[in-house]
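Chemist: Take this structure first; my questions come after.
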There are 2 protein chains.
Amino acid sequence: MKYSLGIDYGTLSARALLVEVETGKEVATSVYEYSNAVIDEYLPSSGEKLPPDWALQDPADYLTGLGLTVKDVLKQSGVNPADVIGMCIDFTACTMLPIDKAGQPLCFDPKWRDNKHAWVKLWKHHAAQPEANRINETAERLGETFLKRYGGKISSEWFFSKALQILDEAPDVYAAADRLIEATDWVNLQLTGVETRNACTAGYKAMWEKATGFPPNSYFKALDPRFEHVVDEKMSRKIMPMGSKAGELTPAMAAKIGLKPGTAVAVANVDAHVAVPAATVTKEGIMVAIMGTSICHMVLGREPKIVEGMCGYVEDGILPGFFGFEAGQSCVGDHFAWFAENCCPASYTEEAKERGIGIQQLLSEKASKLKPGQSGLLALDWWNGNRSILVDVDLTGMMLGMNLNTKAEEIYRALIEATAYGTNIIIDAFDSNGVAVNEIVACGGLPEKNEMLMQIYADVTNREWKIAASAQTCALGSAMWGAVAAGKAKGGYDDIVDAAIKMARVKDRTFKPIPENHAIYAKLFAEYKTLHDYFGRRANDVMKRLKRIKEEQHS
Amino acid sequence: MKYSLGIDYGTLSARALLVEVETGKEVATSVYEYSNAVIDEYLPSSGEKLPPDWALQDPADYLTGLGLTVKDVLKQSGVNPADVIGMCIDFTACTMLPIDKAGQPLCFDPKWRDNKHAWVKLWKHHAAQPEANRINETAERLGETFLKRYGGKISSEWFFSKALQILDEAPDVYAAADRLIEATDWVNLQLTGVETRNACTAGYKAMWEKATGFPPNSYFKALDPRFEHVVDEKMSRKIMPMGSKAGELTPAMAAKIGLKPGTAVAVANVDAHVAVPAATVTKEGIMVAIMGTSICHMVLGREPKIVEGMCGYVEDGILPGFFGFEAGQSCVGDHFAWFAENCCPASYTEEAKERGIGIQQLLSEKASKLKPGQSGLLALDWWNGNRSILVDVDLTGMMLGMNLNTKAEEIYRALIEATAYGTNIIIDAFDSNGVAVNEIVACGGLPEKNEMLMQIYADVTNREWKIAASAQTCALGSAMWGAVAAGKAKGGYDDIVDAAIKMARVKDRTFKPIPENHAIYAKLFAEYKTLHDYFGRRANDVMKRLKRIKEEQHS
């Protein structure tokens, strides 16, 4: 029996999953919670208070997690390291960092450790909005064509926004950086000793496309003369397609993590993107929704299409031979967790404790007794801005319909419904722009945890929702890519389609829309759409103005 | 020393206050919490589930409370009942009930006790909206002029809306009722044995005016042919001005409550209206804000003026010789209590418990550390509809600006700010329509309890707020009217102005606007106004449509 290893780097933890190559059977898994988690209040080295919207990570957590979890799955399973034929990592993105000539993060260097720009900028670092604005305005002014591939807007979360923020605010860090690199490619560099750059993050997060490469140097120069040669000076123009082999495990790293030197390492990948084949999807017309703290929506297509506010489409960005379309919602599981933590009355907390269940389980239980529309509540799911289709981090949450009898479970359900309406907006945008969404497969933590939520999504979207069988689809997807990097000759696969047939499954239980629920939700969605456009398409910019006042009052 | 007795009937309790006539010194007070409180879920007699928006009371609570509290203040103070020269009651309004020929509430009669329409309809009974709509549409169609005195709209809370609902839904109860009467006048009937009707509720709640009386019978006929003679059959055209003597305490009632037969009883009154002289205000240009679960705004003027959405103006309705203008906000203290009960996390409840303080005190403490605008939140204070100036019970709450770091104290403060914006809308409406608001005096429970709230009101309205010295302004006001009903010859006063000079005071501590806070609040108020008009003036009727869907889903 041969095995492949998937390593999934999430926002708060890293997970290793050891999988039988022939069957997809998951034989062992191990999770490491990052000791520094998300750094959004104080810089660990100096205690410096971070400005609003900052979110950093400590790359030491990535290496520690790698060693501990890989050794743990080997120990748990008793699998012989020689039978592990391949591995692949996937990561949050754009999560990027500056490194030195030796490949070490600048924040490991005592000289730079107290400079916050030397640390990893996590995907949800939102402080580069001024740079994103400049990137967008300059692209529009110069008539750059790449904008259209990204729904018309580059996000503050993406690579060049973050890179430009380093240049703006810490030109010394920028100058000291030998490379600026995605964390996923950086971990691969540690594994293999060679720098590779993956097409997925390059395409989705760094304005690169297969046919034309990066935007011209003249564009970068227009952003800042010092930024003209950013690609050649700090990055690479050699971008590798998904499924190819990045290299082999170095002896030093093999010793550290307990695998054999020479083990095939696939080109690094992104969490949401590896989930697609792991959710059985290897053709067009099917949306994969990776549902956790946020939702990523992935669809394959045969042709490029322009869809408003999508995060981007990238040729070969998900699977070779397809255009991979991605959209996203930035506040889903986070939303419900915020509510449970900040807005749930003591009597509920006590009831949950007495019954030995989680507070969200209790809220779901109470909320599942409500009919659609029965609360009279409607929310806009913008507690963390709006990614698709408005691409606007300055939007904020809204709820209306409250009265003096409104209960916590009604608000909780309204927040869930709001995220379902957000998903429906995205499906409509794809569907009406030629990217068909005929079926949906969900994966991630939420579908495992909340049946009411899945039924609401089915009712709102009026589509059947299937659920990927694996509870850790991302890690499984990475293991599948690891098997492809190893190749058939070594006991793996030559093609991700073959790997998906053998290694990926959906559950028997699906969620089908209930017509009378959909009828109500169709009315509520129409109301959502009106408010979405009123607040989101600048009929009333109150959310932005309040945010400006807030920033002034904080400073 | 002579004494006067004020009895204040609130939403949840009755309070008796014994006052020295010469000085206004409060010598004893006693509170009775109604055993049946607000009946809004199940009818006590039958257990019948009440429909949405119903709010009833049990008139037995009024009599029980009367006996217990009056005896208690006499006992506490040791005052000789012979020295109590006068008394007056004030009440919530419109709070009305059907009674039989003997003056007994129909709900006391076993034959009618299980009929919900036989009980007292409390001021916040909101189920007569269809009738209110008919009253307004018919008045507009027939060109009735009374509408303009009420800001263009009659509320579902008012007398004829409630009376017409009885006729619509329970014609047998309507037929069986010898009279339909305000609870305040009914208690006076119990005290004196004679039926009197006060100008205040007739004017503010029953479309009566001094010059022309009630609307013509033809109008009532147009509402329903059976309603044509409602005034003559179920009410009275003899309306008595404030300050006059309704009668004298009957021997039977005197024995029950421990006073002397023949004690002067003033014409019954309304809680908010008696508060005006008790807050020292006996002339035009000064707003009295009675701040508790809701806010009533009272201003005196010398001429009739049309102000959008005011609850009404009534000649002699507050003080003889003045037009009394009233406006209102239906959700203030209720709003904050709802939040504290339903949306405040367990950790806060625990902290409050540990420190031995109330949850709202804790929230206020945390919220008072925030600067204006610092939370980024903005709310519309419509959790209980909007009384002034939109007169629309179908409006609901709205909040926006939330993000994943939003804390309970920020929401709490935003709700308080929203009610301050609501007050400012009302002040602007008065001020811009010729009813000057040069000064403000607040009274009621809130100013006693929450200094942060008062400062926010001062900052938002950019006006100094004074506070009435008495913690029970309504009961004091009633005691003042009781002293006027007794008259100077008996040791009282011939005039409420004289009574106010001797018996009413404001505190030394006032709340002055802080210019830099007002500058921020002026911006936030502009945003509030835009959303107020968008959701409240029918640019987007989403709140009404959601309420319809909610009602359908409940039924």
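The values are calculated or read from the model by the stated rules, or taken from the named source; none is laboratory data. Since this is a predicted model, take the numbers as computed values, not measurements. All Cβ positions, glycine included, derive from the backbone under ideal geometry; neighbour counts span all protein chains shown. Side chains included, ligands, DNA and RNA excluded: accessible areas come from the protein's heavy atoms. Shrake-Rupley method; radii C 1.70, N 1.55, O 1.52, S 1.80 Å.
Chemist: Give the residue, chosen from A:Gly86, A:Gly78, that is closer than 19 Å to A:Lys260 by Cβ and either in contact (Cβ under 8 Å) with a residue 60 or more places away in the chain or touching a helix residue (DSSP H, G or I) at 6+ places or on another chain (Cβ under 6 Å) (or both). Give the derivation first.
Modeler: Values: A:Gly78 fails: either in contact (Cβ under 8 Å) with a residue 60 or more places away in the chain or touching a helix residue (DSSP H, G or I) at 6+ places or on another chain (Cβ under 6 Å) (or both).
The match here is A:Gly86.
Chemist: When you check B:Leu415 against the structure, is it within 11 Å of chain A (Cβ to nearest Cβ) and either open to solvent by less than 30 Å² (accessible area, probe 1.4 Å) or within 21 Å of A:Glu552 (Cβ to Cβ) (or both), yes or no? Before the answer, list the steps.
Modeler: Details: within 11 Å of chain A (Cβ to nearest Cβ): yes; either open to solvent by less than 30 Å² (accessible area, probe 1.4 Å) or within 21 Å of A:Glu552 (Cβ to Cβ) (or both): yes.
It is true that B:Leu415 is within 11 Å of chain A (Cβ to nearest Cβ) and either open to solvent by less than 30 Å² (accessible area, probe 1.4 Å) or within 21 Å of A:Glu552 (Cβ to Cβ) (or both).
Chemist: Next question, about the same structure. Considering the stretch A:262-300 alone, what residues qualify as being touching an Asp or Glu at 6+ places or on another chain (Cβ under 6 Å) and charged (D, E, K, R)?
Modeler: A:Asp271
Chemist: Only one of (1) among the aliphatic types (A, V, I, L, M); (2) crowded, with 23+ Cβ neighbours inside 10 Å; (3) more than 25 Å from A:Arg197 (Cβ to Cβ) fails for A:Ile286. Which number is that?
Modeler: It fails just one condition, (2).
Chemist: If A:Ile467 satisfies all but one of (1) buried (at least 22 other Cβ atoms within 10 Å of the Cβ); (2) within 14 Å of chain B (Cβ to nearest Cβ), what's the number of the condition it fails?
Modeler: (2)
Chemist: Any residue in the stretch A:526-555 that's facing another protein chain (nearest Cβ under 7 Å): show its pairings with residues that are charged (D, E, K, R) at Cβ separation under 7 Å, as long as the two are six or more apart or on different chains.
Modeler: A:Glu527/B:Arg545; A:Val542/B:Glu527; A:Met543/A:Asp394; A:Arg545/B:Glu527; A:Leu546/B:Glu527; A:Lys547/A:Asp394; A:Ile549/B:Lys523; A:Gln553/B:Lys371
Chemist: Further, regarding this structure: Taking A:Gly422 as the residue in question, decide whether it is more than 14 Å from chain B (Cβ to nearest Cβ) and either hydrophobic (A, V, I, L, M, F, W, C) or open to solvent by 20 Å² or more (accessible area, probe 1.4 Å) (or both).
Modeler: No, not satisfied.
Chemist: Can you go through B:Thr145, B:Thr138 and tell me which one is modelled with pLDDT under 95, β-branched (Val, Ile, Thr) and surrounded by fewer than 24 Cβ atoms within 10 Å (Cβ to Cβ)?
Modeler: On the way: B:Thr138 fails: modelled with pLDDT under 95.
None of the other options fit; the residue is B:Thr145.
Chemist: Listed residues B:Ile306, B:Ile295; which is surrounded by fewer than 21 Cβ atoms within 10 Å (Cβ to Cβ) and either in contact with a strand residue (DSSP E or B) (Cβ under 8 Å, 6 or more places away or on another chain) or not charged (D, E, K, R) (or both)? Before you say what the answer is, go through the steps one by one.
Modeler: Details: B:Ile295 fails: surrounded by fewer than 21 Cβ atoms within 10 Å (Cβ to Cβ).
It is B:Ile306.
Chemist: Under the condition of being over 20 Å from A:Arg505 (Cα atoms) and open to solvent by less than 10 Å² (accessible area, probe 1.4 Å), which residue from the stretch A:443-457 is farthest from the chain's Cα centre (by Cα)?
Modeler: Among those residues, the one meeting the criterion is A:Ile456.
Chemist: Output the number of the condition that B:Lys407 fails; it satisfies all remaining conditions of (1) under 18 Å from B:Ile514 (Cα atoms); (2) surrounded by fewer than 24 Cβ atoms within 10 Å (Cβ to Cβ).
Modeler: All conditions pass for B:Lys407, except number (1).
Chemist: Name the residues in the stretch A:347-368 that are surrounded by fewer than 15 Cβ atoms within 10 Å (Cβ to Cβ), under 30 Å from the mean Cα position of the chain (by Cα) and among the small types (Gly, Ala, Ser), would you?
Modeler: Matches in the stretch A:347-368: A:Gly358 only.
Chemist: Out of everything in the stretch A:310-339 that is closer than 19 Å to B:Tyr348 by Cβ and open to solvent by less than 20 Å² (accessible area, probe 1.4 Å), what residue ends up being farthest from the other protein chains (Cβ to nearest Cβ)? Before you say what the answer is, go through the steps one by one.
Modeler: So the first thing to find is which residues in the stretch A:310-339 are closer than 19 Å to B:Tyr348 by Cβ, and the list is A:337-339.
Narrowing further to those that are open to solvent by less than 20 Å² (accessible area, probe 1.4 Å): A:338-339.
On the way: A:Trp338: 5, A:Phe339: 9 Å.
Checking each candidate, the answer is A:Phe339.
Chemist: Quick one: B:Met96 ticks every box in (1) open to solvent by less than 20 Å² (accessible area, probe 1.4 Å); (2) over 19 Å from the mean Cα position of the chain (by Cα) except a single one, so which number is it?
Modeler: Answer for B:Met96: the failing condition is (2).
Chemist: What do you reckon, is B:Asn424 among the polar types (S, T, N, Q), in a helix (DSSP H, G or I) and either farther than 22 Å from B:Pro515 by Cβ or touching a residue at least 60 places away in the same chain (Cβ under 8 Å) (or both)?
Modeler: Working: among the polar types (S, T, N, Q): yes; in a helix (DSSP H, G or I): yes; either farther than 22 Å from B:Pro515 by Cβ or touching a residue at least 60 places away in the same chain (Cβ under 8 Å) (or both): yes.
Taking the combined requirement at face value, the residue satisfies it.
Chemist: Report those helices (runs of 4 or more DSSP H) wholly inside the stretch A:206-265 carrying at least 2 residues which are among the hydroxyl-bearing types (Ser, Thr, Tyr). Give the derivation first.
Modeler: Numbers: elements: A:217-223, A:230-234, A:251-257.
Helices (runs of 4 or more DSSP H) meeting the threshold: A:217-223.
Chemist: Inside the stretch A:333-360, can you point out the residues that are touching a residue at least 40 places away in the same chain (Cβ under 8 Å) and touching a helix residue (DSSP H, G or I) at 6+ places or on another chain (Cβ under 9 Å)?
Modeler: Residues of the stretch A:333-360 touching a residue at least 40 places away in the same chain (Cβ under 8 Å): A:333-340, A:343-345, A:348, A:360.
Within the stretch A:333-360, A:Gly333, A:His335, A:Phe336, A:Ala337, A:Trp338, A:Phe339, A:Ala340, A:Cys343, A:Cys344, A:Pro345, A:Tyr348, A:Gln360 meet the criteria.
Chemist: So is A:Ala275 within 22 Å of the chain's Cα centre (by Cα) and either assigned to a strand (DSSP E or B) or of a type in the set (D, E, K, R) (or both) or not? Give the steps one after another, and end with the answer.
Modeler: Numbers: within 22 Å of the chain's Cα centre (by Cα): yes; either assigned to a strand (DSSP E or B) or of a type in the set (D, E, K, R) (or both): no.
So A:Ala275 does not fit the description; no.
Chemist: Which residues, taken from the stretch A:300-322, are modelled with pLDDT of 90 or more, in contact with a Lys or Arg (Cβ under 7 Å, 6 or more places away or on another chain) and closer than 18 Å to A:Ile427 by Cβ?
Modeler: Hit for the stretch A:300-322 is A:Leu300, nothing else.
Chemist: Here's another thing I want to ask about it. Would you point out which residue out of B:Lys283, B:Lys305 is in a loop (DSSP other than H, G, I, E, B), farther than 20 Å from B:Thr201 by Cα and more than 18 Å from the chain's Cα centre (by Cα)? Talk me through it step by step, then tell me what you get.
Modeler: Values: B:Lys305 fails: farther than 20 Å from B:Thr201 by Cα.
Being in a loop (DSSP other than H, G, I, E, B), farther than 20 Å from B:Thr201 by Cα and more than 18 Å from the chain's Cα centre (by Cα) holds for just one of B:Lys283, B:Lys305, which is B:Lys283.
Chemist: Any residue at all in the stretch B:476-499 that is under 30 Å from A:Asn403 (Cα atoms), among the hydroxyl-bearing types (Ser, Thr, Tyr) and in contact with a strand residue (DSSP E or B) (Cβ under 9 Å, 6 or more places away or on another chain)?
Modeler: Within the stretch B:476-499, the first condition is being under 30 Å from A:Asn403 (Cα atoms), and the residues that meet it are none.
No, there is no match, as no residue in the stretch B:476-499 is under 30 Å from A:Asn403 (Cα atoms), among the hydroxyl-bearing types (Ser, Thr, Tyr) and in contact with a strand residue (DSSP E or B) (Cβ under 9 Å, 6 or more places away or on another chain).
Chemist: Additional query: Does A:Val265 satisfy being aliphatic (A, V, I, L, M) and surrounded by fewer than 23 Cβ atoms within 10 Å (Cβ to Cβ)?
Modeler: Details: aliphatic (A, V, I, L, M): yes; surrounded by fewer than 23 Cβ atoms within 10 Å (Cβ to Cβ): no.
It is false that A:Val265 is aliphatic (A, V, I, L, M) and surrounded by fewer than 23 Cβ atoms within 10 Å (Cβ to Cβ).
Chemist: While we're looking at this one, here's another question. Quick one: is B:Lys371 in contact (Cβ under 8 Å) with a residue 24 or more places away in the chain, surrounded by fewer than 21 Cβ atoms within 10 Å (Cβ to Cβ), at the interface with another protein chain (Cβ under 9 Å from one of its Cβ atoms) and over 29 Å from B:Tyr9 (Cβ atoms)? Quick ask: steps written out before the conclusion?
Modeler: Values: in contact (Cβ under 8 Å) with a residue 24 or more places away in the chain: yes; surrounded by fewer than 21 Cβ atoms within 10 Å (Cβ to Cβ): yes; at the interface with another protein chain (Cβ under 9 Å from one of its Cβ atoms): yes; over 29 Å from B:Tyr9 (Cβ atoms): yes.
Yes: the conditions hold for B:Lys371.
Chemist: Determine, yes or no, whether A:Phe535 is open to solvent by less than 40 Å² (accessible area, probe 1.4 Å) and either of a type in the set (Val, Ile, Thr) or within 19 Å of A:Glu464 (Cβ to Cβ) (or both).
Modeler: So A:Phe535 does not fit the description; no.
Chemist: Can you pull out the residues in the stretch A:376-396 that are without any contact (Cβ under 8 Å) to a residue 40 or more places away in the chain and either within 7 Å of chain B (Cβ to nearest Cβ) or among the β-branched types (Val, Ile, Thr) (or both)?
Modeler: A:Gly376
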